[in-house]
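The values are calculated or read from the model by the stated rules, or taken from the named source; none is laboratory data. Keep in mind it's a predicted model, so treat the numbers as computed, not measured. Heads up, the Cβs are rebuilt from the backbone with ideal geometry, glycines too, and the neighbour counts pull from every protein chain shown. What goes into the accessible areas is simple: the full protein's heavy atoms, side chains included, and nothing from ligands, DNA or RNA. Shrake-Rupley method; radii C 1.70, N 1.55, O 1.52, S 1.80 Å.
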Amino acid sequence: MRITTFRAMLADEFGAGHAETIAHDHVFAALGGRTVDQALDAGVPTKEIWQAVCEAFEVPPDRR
């Protein structure tokens with residue numbers, strides 16, 4: 001998935017402001033102790049990042 005699509009999904013799920021905070025500040029063990037922004041910069045696939053976010057924040061399967 002494209003980064004723009006990923007960012008839109010993050011904003012749709014959490015709201016624009018909270019999505020930015022999650023992306024910038026929340027460290028995910030599933031992403032090797034990186035934030036979303038760090039994982040994107042490291043080239044981690046957006047689908048893998050999305051799955052990590054969904055698992056960490058218990059996003060229901062129908063919205064993943």
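A Förster radius of 25 Å combined with the Cβ-Cβ distance from residue 41 to residue 63 puts the calculated FRET efficiency at roughly 0.45. Around the amide H of residue 34, modelled in the peptide plane, lie the amide H atoms of 28, all under 5 Å away and 5 or more residues distant in sequence or on another chain. For the chain, GluC sites (Glu not before Pro) are listed when DSSP marks them as loop and at most 11 other Cβ atoms sit within 10 Å of their Cβ; the list is 58. Of the chymotrypsin sites (Phe, Trp or Tyr not before Pro) found in the chain, those that fall in a DSSP loop while having at most 13 other beta-carbon atoms within 10 Å are 57.
From helices alone, the chain scores -17500 deg cm²/dmol at 222 nm; the rule is -39500 (n - 2.57) for each run of n ≥ 4 DSSP H residues, then divide by the residue total. In the chain, the portion of solvent-accessible area held by carbon and sulfur atoms comes to 50 percent [1.4 Å probe, whole percent, DNA, RNA and ligands not counted]. Beyond 18 Å, what share of the Cα-Cα pairs of the chain remains, rounded to the nearest whole percent? The proportion of pairs with Cα distances above 18 Å equals 23 percent. A Gaussian network model of the chain, with springs between Cα atoms under 10 Å, assigns the largest mean-square fluctuation among 23, 42, 11 to 42.
Extension gain, residue 51-residue 1: 0.36 nm per intervening residue step, less the Cα-Cα distance, totals 16.8 nm.
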